[in-house]
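Here is the structure we will look at.
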Amino acid sequence: MGSDRVKKSSFNWQFRDTTPIDSVFQTEMLNQGYSETFAELLWNRNIRTAEEFSQLMKVNIDDLHDPFLMHDMERAVERIQAAVMEEQAILVYGDYDADGITSTSIMVEALEMIGADVHYVLPNRFIHGYGPNKSLFEEKINEGIQLIITVDNGVAGNEAIDYANSKGVDVIVTDHHELPPVLPDAYCIIHPRHPEGHYPFGELAGAGVAFKLATALLEEVPLEMLDLVTIGTVADLVSMTDENRLFVKLGLQAIKQTQRLGLLELLKVSSVDLQKVDEMSIGFSLGPRLNAIGRLGDPNPAVELMTTFDEEIAHTLAEKLDKINDERKVIVQETTAEATALINPEDKVHLIAAKGWNPGVLGIVAGNILKQTGQPTIVLSIDENGVAKGSGRSIEALDLFGMLTTMRSEFTHFGGHAAAVGLTMPADRIPSLQKLMNNYILAEQIDLSKGSGLKIDASLPIAKISLGLVEELKKLAPFGTDNPAPHFLVNGNVSFFKRIGSEQQHVKFSLKNEDNQLDAIGFGFGEEAEEVQQPDTQFVGDLEINEWNGQKKVQLRLIDFASEGTQVIDRRAKYTWNQKIDSGKALYLAFQKENQKFFSKELQHSIVLYDATIDWTDYDQLIVLDCPDHKELLQEITIAGHFERIYLYLYSSDEAYLNGLPSREQFAKLYQFFRKQPKVDIRFKLKNVSNYLRIPEKLLVFMIHVFSELKFVTIDDGVLQMVESPETRAFEESKIYQKRMARIDSEEFLLMNDIQTIRNWLKG
């Protein structure tokens with residue numbers, strides 16, 4: 001059997017660099033009551049002193065940076081104050097994602113608090129696209145808007161801003177996206193990385209920048225808006241360090257006391273316990289619902305939800321967002337399936353395009369396919385004008401933005417960063433782009449085989465995993481970009497296993513190692529249930545606390561797994577026959593001729609009958625359909641081959657192992673019967689004989705074959721006749737008898753033993 005890791009991990013596992021922990025630091029942490037495991041984890045995350053750890057634990061509002069360190073902040077405040085004094089109509093111009101929605105809500109509330117005549121609009125991605133839109137600016141200026149404040153966008157809005165200037169309307173830009181070579185001619189630009197600013201932290205989300213402007217306007221930190229800045233920060237996947245970390249730590253506390261009606265209703269429809277809100281529930285429950293409305297249509301109701309004081313409106317809008325998110329999930333699922341079917345495995349980068357896909361979900365679809373295949377993916381939707389628009393996602397090995405920058409002439413619009421891009425291009429240029437990308441990968445000798453990286457903090461024995469350790473790990477939260485949740489590699493054999501979920505899409509199991517046990521759950525791993533249960537499997541996941549009926553237990557939340565050696569998949573129950581066979585060079589093998597035809601029809605596949613001349617090394621998948629007459633034959637085949645997977649169906653048509661061998665008494669009874677009835681038409685009388693002698697029919701047929709081989713009887717045209725004076729011979733001399741003995745031994749071993757015993761035996 002093969003020895004390579006054949007169930008490859010979905011991610012490229014990367015263990016953190018480790019160095020021996022300093023004894024002083026270790027002693028300090030142990031004296032504070034922390035475990036050795038936690039101290040080592042801190043050390044390997046470059047937290048090397050007790051003071052650094054103490055600083056990390058601080059949650060103090062006074063540690064927020066001064067907003068006036070940002071370029072143009074003072075100028076922006078003065079202009080807004082002047083607009084309020086002059087009763088000018090102010091427009092907050094946002095973006096259609098969760099960060100844009102929360103940024104808009106923060107800005108609107110801050111302006112209302114200082115008495116401004118404030119209006120807001122979020123562009124529709126399908127009509128206006130991303131960023132300042134000239135026609136939308138024109139519409140709002142015609143309605144009487146005299147000052148525009150952009151949030152979470154604007155640094156690339158040169159054309160629309162020039163138009164506003166031509167109409168005498170000032171534009172204040174607040175943004176956090178990459179600064180282009182030519183900045184727009186705005187009244188002022190507030191950006192944490194502005195080259196003329198002095199802000200100490202450049203990684204704020206759009207909501208963070210809006211919050212800073214709100215703080216400057218109100219001359220105090222608006223605590224009631226910490227919930228909004230937290231949602232925007234988490235949802236936008238910005239760096240979870242420095243000020244962002246402080247925002248989220250403070251904000252999670254604030255959410256638990258929030259009076260914001262829309263947020264409370266959104267938590268309710270998301271089934272999130274208010275007192276257990278964390279960055280995970282924001283990232284996986286609240287964020288997607290806020291994002292969904294902008295992906296499918298008009299995002300403006302989401303701002304109303306976040307800012308309303310009307311309970312009925314809050315309830316209605318929360319229900320609306322939840323429903324839209326359900327629709328989004330269905331669209332994503334369908335589009336992912338359609339896009340996956342169009343993949344050309346020869347391409348280095350998947351470039352998939354079709355008509356009619358919703359452009360708003362293509363980033364998610366590209367991410368899904370990236371996860372499935374481990375390869376960079378671009379997914380485009382083609383409209384009726386032959387324009388292709390969509391998104392791409394990439395792995396660490398390929399700077400997608402850098403590669404596509406060398407092909408910029410192919411696009412009408414293009415932007416993004418190393419891991420994600422958005423682009424628009426003529427559909428007829430898609431084949432050309434695919435060729436250019438394939439050539440680029442070859443020319444630059446980029447290795448895409450390892451897939452996306454997964455940082456693993458440590459390999460952890462089950463014995464060291466405890467509730468106390470999980471509580472310690474929580475102190476490093478909130479987790480996110482640049483501060484990922486600790487991932488651990490755990491070894492153990494699966495002792496309990498079941499598929500769960502409405503469509504059996506998840507798995508729940510226990511890992512055992514010596515006397516220690518750990519519960520585990522794998523969301524979305526249902527299709528890989530057979531692989532999860534293999535021995536010599538390594539599991540990577542996060543540690544969390546599962547609370548049920550007041551009982552707390554540690555649980556591993558599975559992220560990835562991999563197996564060593566050949567996988568032996570148990571398909572011995574008939575209901576498993578229709579499950580998928582892993583792709584590859586598969587040999588469907590039958591040992592019994594009568595079963596060849598049966599399985600051809602049952603599995604709709606070409607079946608090969610066993611032949612000693614078969615070159616087993618030509619195949620990487622072996623599907624064993626029935627039992628060999630001698631079990632050792634299967635062992636020899638598996639040792640001779642280099643199989644990645646062996647699927648054991650092991651069907652027995654005559655169930656020799658259940659019927660067993662006839663006893664001497666049964667043979668004697670049948671012999672005496674034929675002496676008394678020397679001629680029997682067994683075509684018609686077999687059932688009668690079986691009932692009379694109380695010998696099962698299948699067993700009776702076998703005994704007649706033995707008698708025939710030993711020349712006790714002759715059979716001519718279905719009529720059995722006793723030989724007058726047959727030679728005395730023992731039943732054991734019969735080759736048919738010997739074959740059945742071996743067959744029973746083979747079937748008993750292969751069908752009655754647990755799969756682990758068989759796996760071990762196959763190794764030889």
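Would you mind stating whether Phe284 is part of a helix (DSSP H, G or I) and aromatic (Phe, Trp, Tyr)? Yes.
Select, from Thr49, Thr37, the only residue that is of a type in the set (Val, Ile, Thr), outside the structural domain of Pro288 (by TED's automatic domain parsing) and without any contact (Cβ under 8 Å) to a residue 60 or more places away in the chain.
Values: Thr37 fails: without any contact (Cβ under 8 Å) to a residue 60 or more places away in the chain.
Going through Thr49, Thr37 in turn, the sole match is Thr49.
You will find that of Ser449, Ser432, the residue that is surrounded by fewer than 16 Cβ atoms within 10 Å (Cβ to Cβ), assigned to a helix (DSSP H, G or I) and not assigned by TED's automatic domain parsing to the domain that holds Ile293 is Ser432 and no other. Just a yes or no: is a residue in segment 167-182 in contact with a strand residue (DSSP E or B) (Cβ under 7 Å, 6 or more places away or on another chain), assigned by TED's automatic domain parsing to the domain that holds Met240 and in a helix (DSSP H, G or I)? Looking through segment 167-182, none of the residues is in contact with a strand residue (DSSP E or B) (Cβ under 7 Å, 6 or more places away or on another chain), assigned by TED's automatic domain parsing to the domain that holds Met240 and in a helix (DSSP H, G or I). Counting only strands (runs of 3 or more DSSP E) that sit completely within segment 531-632, those holding 3 or more residues that are not aliphatic (A, V, I, L, M) correspond to 537-548, 551-564. Hey, could you check segment 647-691 for residues that are among the aromatic types (Phe, Trp, Tyr) and free of Cβ contacts under 8 Å to residues at least 40 places away in the same chain and say which is farthest from Ile704 (Cα to Cα)? Result: Phe684.
Quick check: anything in segment 654-673 on the phi < 0 side of the Ramachandran plot, in contact with a strand residue (DSSP E or B) (Cβ under 9 Å, 6 or more places away or on another chain) and crowded, with 19+ Cβ neighbours inside 10 Å? No, the conditions are met nowhere in segment 654-673. Just one of Leu64, Leu91 is in contact with a strand residue (DSSP E or B) (Cβ under 9 Å, 6 or more places away or on another chain) and modelled with pLDDT of 95 or more; which is it? Only one candidate qualifies: Leu91.
Out of Ile695, Ile682, which single residue is hydrophobic (A, V, I, L, M, F, W, C), outside the structural domain of Val532 (by TED's automatic domain parsing), closer than 30 Å to Phe591 by Cβ and in contact with a Gly (Cβ under 9 Å, 6 or more places away or on another chain)?
Details: Ile695 fails: in contact with a Gly (Cβ under 9 Å, 6 or more places away or on another chain).
The unique qualifying residue is Ile682.
Annotation note: Cβ proximity below 6 Å between a residue of segment 190-204 that is closer than 15 Å to Pro180 by Cα and outside any loop (DSSP other than H, G, I, E, B) and a residue that is modelled with pLDDT under 95 and not aromatic (Phe, Trp, Tyr) (sequence gap 6+ or interchain) occurs for no pair.
Which one is nearest to the chain's Cα centre (by Cα) among residues in segment 127-152 that are at pLDDT 95 or above and at positive phi?
Taking segment 127-152 as the starting set, the residues that turn out to be at pLDDT 95 or above are 132-152.
Add one more test, that the residue is at positive phi, and what stays is 144, 152.
Working: Gly144: 48, Asp152: 28 Å.
The qualifying residue nearest to the chain's Cα centre (by Cα) is Asp152.
Look at segment 487-499 and say how many of its residues are surrounded by fewer than 20 Cβ atoms within 10 Å (Cβ to Cβ) and either in contact with a helix residue (DSSP H, G or I) (Cβ under 8 Å, 6 or more places away or on another chain) or in contact (Cβ under 8 Å) with a residue 40 or more places away in the chain (or both). Final tally of qualifying residues: 6. For Leu460, state whether it is touching a helix residue (DSSP H, G or I) at 6+ places or on another chain (Cβ under 8 Å), under 28 Å from Asn44 (Cα atoms), of a type outside the set (Val, Ile, Thr) and touching a residue at least 12 places away in the same chain (Cβ under 8 Å). Yes; evaluated as a whole, the condition is true for this residue. Note on segment 209-228: residues that are in contact with a Ser or Thr (Cβ under 7 Å, 6 or more places away or on another chain), more than 15 Å from Thr150 (Cβ to Cβ) and either without any contact (Cβ under 8 Å) to a residue 60 or more places away in the chain or in a helix (DSSP H, G or I) (or both) amount to 2.
Scanning segment 680-727 for residues that are within 60 Å of the chain's Cα centre (by Cα) and of a type in the set (A, V, I, L, M, F, W, C) yields Leu686, Ile695, Leu699, Leu700, Val701, Phe702, Met703, Ile704, Val706.
Could we say that Ala156 is part of a loop (DSSP other than H, G, I, E, B), of a type outside the set (Ser, Thr, Tyr), buried (at least 24 other Cβ atoms within 10 Å of the Cβ) and not assigned by TED's automatic domain parsing to the domain that holds Thr481 here? Here the answer is no, as Ala156 does not meet what is asked. Only a single item in (1) hydrophobic (A, V, I, L, M, F, W, C); (2) surrounded by fewer than 16 Cβ atoms within 10 Å (Cβ to Cβ); (3) under 25 Å from Ser10 (Cβ atoms) is not met by Leu622, and it is number (2). Taken residue by residue, segment 63-78 has no member that is surrounded by fewer than 18 Cβ atoms within 10 Å (Cβ to Cβ), assigned to a loop (DSSP other than H, G, I, E, B) and among the basic types (Lys, Arg). Against the list (1) on the phi > 0 side of the Ramachandran plot; (2) out of contact with any helix residue (DSSP H, G or I) (no Cβ under 7 Å at 6 or more places or on another chain); (3) not aromatic (Phe, Trp, Tyr), the condition Thr412 fails is (1).
Beta carbons closer than 9 Å, at least 6 apart along the sequence or on distinct chains, pair a first residue in segment 589-613 that is in the same structural domain as Asn578 (by TED's automatic domain parsing) and over 14 Å from Pro628 (Cβ atoms) with a second that is part of a helix (DSSP H, G or I) and of a type outside the set (Gly, Ala, Ser) for His605/Phe599; Ile607/Asn595; Ile607/Gln596; Ile607/Lys597; Ile607/Phe598; Ile607/Phe599.
Being touching a strand residue (DSSP E or B) at 6+ places or on another chain (Cβ under 9 Å) and more than 25 Å from Gln672 (Cα to Cα) narrows it down to one residue among Ile755, Ile715, Ile744; which is it?
Details: Ile715 fails: more than 25 Å from Gln672 (Cα to Cα); Ile744 fails: touching a strand residue (DSSP E or B) at 6+ places or on another chain (Cβ under 9 Å).
Of Ile755, Ile715, Ile744, the one residue that is touching a strand residue (DSSP E or B) at 6+ places or on another chain (Cβ under 9 Å) and more than 25 Å from Gln672 (Cα to Cα) is Ile755.
For first residues located in segment 386-409 and in the same structural domain as Asn358 (by TED's automatic domain parsing) and in a helix (DSSP H, G or I), partners that are crowded, with 23+ Cβ neighbours inside 10 Å and among the acidic types (Asp, Glu) and lie 6+ apart or on another chain with Cβ distances below 8 Å do not occur.
May I ask you to verify whether Ala110 is assigned by TED's automatic domain parsing to the domain that holds Val234, assigned to a helix (DSSP H, G or I), out of contact with any helix residue (DSSP H, G or I) (no Cβ under 7 Å at 6 or more places or on another chain) and within 18 Å of Ala216 (Cβ to Cβ)? Give the steps one after another, and end with the answer.
Numbers: assigned by TED's automatic domain parsing to the domain that holds Val234: yes; assigned to a helix (DSSP H, G or I): yes; out of contact with any helix residue (DSSP H, G or I) (no Cβ under 7 Å at 6 or more places or on another chain): no; within 18 Å of Ala216 (Cβ to Cβ): yes.
Answer is no for this residue.
Tell me which residues, restricted to segment 355-385, are in a strand (DSSP E or B) and crowded, with 18+ Cβ neighbours inside 10 Å. Hits for segment 355-385 are Thr377, Ile378, Val379, Leu380, Ser381, Ile382.
Filtering Ile172, Ile141 for residues that are among the hydrophobic types (A, V, I, L, M, F, W, C), in contact with a Lys or Arg (Cβ under 7 Å, 6 or more places away or on another chain) and surrounded by fewer than 24 Cβ atoms within 10 Å (Cβ to Cβ) leaves a single hit, Ile141.
Apart from one condition, Leu670 fits all of (1) assigned by TED's automatic domain parsing to the domain that holds Ser725; (2) at pLDDT 95 or above; the exception is (2).
The values are calculated or read from the model by the stated rules, or taken from the named source; none is laboratory data. These numbers were taken from a predicted model, which means no experiment stands behind them. All Cβ positions, even for glycine, are placed from backbone atoms using ideal geometry, and neighbour counts span all protein chains on display.
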